Amino acid sequence: MPVEIGYWAIRGLAEPCRLLLHYTETEWTDSIIPLSQEGMDSWFKDKKYNLGLDFPNLPYLIDGDVKLTQSLAIMRYLGRKFGLSPTEADMAKCDNFEQVIQDLRVGISKVSYSSADTFEGLKAEFLEKLPKKLEEVATFIGAGPYAMGEKITYVDFLALEYLEVVARFSPEHVAGGQIAEYIQRMKNLPALKKFFESDDCTHNSYTINAPFCQWPGWPNKE
Ligand SMILES: N[C@@H](CCC(=O)N[C@@H](CS)C(=O)NCC(=O)O)C(=O)O
């Protein structure tokens, strides 16, 4: 049975897993749940507690007997499965980078899922701190070509997705710099390029966040 990833029909927390799976060109199943009343009912009432997950949530991964939730645990699992883990020597640095990228994602999610009256204030706060954070990320990646140097690892797919989201949120902080080059380098990897250029590329058709959030809303409003 192919690996199955279950998640809402958005990019959200599942997109790094999907990008990694497209990169490996393995057969896998994108089990999407529409973010409609019907879709939510089917998840919360029917599926959620009937899949054998220890900690039922979305995204989930099912790979034979392996049943996981927590997006970072899923990424680490896929990293091990596909030879995309860091070397032993790089492991601590890789963990560090993973959490930095995750903080960026959490930061942007807080702004995106805020209320209409708090959005602008939270956005300004996020943007004020962003240049320093991006400078640190750019310095860490350096010439790369990947986050951990010569070896591509699962954190590159987290970084690709969440840095691309930052670039969409605030293009002026990313355009023309080292991070933009890194994103492009990742997107040019042959298997990913093929996916991004395909007619049914879900990376383009799924919105970044849920339709009810402040940014980018639905469909991809900015
Ligand atoms: N820390 C978890 C967060 C999971 C989470 O909050 N999932 C949200 C979507 S982003 C959800 O709708 N879960 C479905 C549920 O609660 O049943 C992760 O990284 O996977």
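Worth a mention:
- Shape metrics for region 170-222, restricted to C-alpha atoms - Rg then Dmax, Å: 13.3, 34
- Qualifying aspartates and glutamates (Cα of each under 16 Å from Cα of Lys129; at least 8 residues distant if same chain): Asp103, Glu120, Glu172
- Relative to the 2.2 N^0.38 Å rule of thumb, the chain has a C-alpha radius of gyration ratio of 1.01.
- Averaging the Cα positions of each part gives two centres, and for region 148-187 and region 38-72 these lie 29 Å apart.
- Over region 50-135 - Rg/Rh using Cα atoms and the Kirkwood inverse-distance radius: 1.09
- Ligands, DNA and RNA left out, the 1.4 Å accessible surface of the chain is 53% carbon and sulfur atoms.
- Loop GluC sites (Glu not before Pro), region 5-90, which have at most 15 other Cβ atoms in a 10 Å radius of their Cβ (DSSP): Glu25, Glu27
- Of Ile108, Phe82, His22, farthest towards positive along the dipole that unit charges on Lys, Arg, Asp, Glu beta carbons give the chain: Ile108
- Residue order for Glu98, Glu164 - accessible surface, 1.4 angstrom probe, largest first: Glu164, Glu98
- Note that region 61-71 has calculated 3J(HN,Hα) couplings of 10, 10, 9, x, 7, 7, 10, 10, 10, 6, 4 Hz, one per residue in order, obtained from phi through the Karplus relation 6.51 cos²θ - 1.76 cosθ + 1.60 (θ = phi - 60°); glycine and proline are x.
- Looking at the chain alone, DSSP beta bridges between its own residues are antiparallel in about 55 percent of cases.
- At q = 0.15 Å⁻¹ the log10 of I(q)/I(0) for region 88-189 amounts to -0.60, computed by Debye summation with a single uniform scatterer per C-alpha, solvent ignored.
- Residue-by-residue Karplus 3J(HN,Hα) for region 111-126, coefficients 6.51, -1.76, 1.60, Hz, glycine and proline x: 5, 4, 9, 7, 8, 4, 7, 9, 4, 4, x, 5, 5, 4, 4, 4
- Debye intensity ratio in log₁₀ form over the Cα atoms of region 34-80, taken at each q of 0.18 Å⁻¹: -0.58
- For the chain, size of Cβ-based charge dipole, Lys and Arg +1, Asp and Glu -1, in debye: 120 debye
- Between Tyr146 and any residue 5 or more places off or on another chain, the built amide H atoms are never under 5 Å apart.
- Amide H contacts of Trp8 (H built 1.01 Å from N, under 5 Å, at least 5 apart or other chain): Ile33
- Residue pairs exceeding 24 angstrom between C-alpha atoms, taken from Lys47/Lys110; Lys47/Lys67; Lys93/Lys132: Lys47/Lys110.
- The phi torsions of region 154-166, fed into the Karplus equation with coefficients 6.51, -1.76 and 1.60 and a -60° offset, translate into couplings of 4, 5, 5, 7, 5, 5, 4, 5, 6, 6, 5, 5, 4 Hz, rounded to whole numbers, with Gly and Pro shown as x.
- For the chain, the solvent-accessible area with a 1.4 angstrom probe is 50 square angstrom per residue.
- For a straight C-alpha distance cut-off of 16 angstrom, the aspartates and glutamates reachable from Lys193 (same-chain residues fewer than eight places away being disregarded) are Glu15, Glu25, Asp156, Glu161, Glu164, Glu181.
The values are calculated or read from the model by the stated rules, or taken from the named source; none is laboratory data. For clarity, every value in this text was computed on a predicted model and none was experimentally measured. FYI the Cβ positions are ideal-geometry reconstructions off the backbone, even for glycines, and counts take in every protein chain you see. Side chains are part of the model used for accessible areas, which takes the heavy atoms of the whole protein and leaves out ligands, DNA and RNA. Shrake-Rupley method; radii C 1.70, N 1.55, O 1.52, S 1.80 Å.
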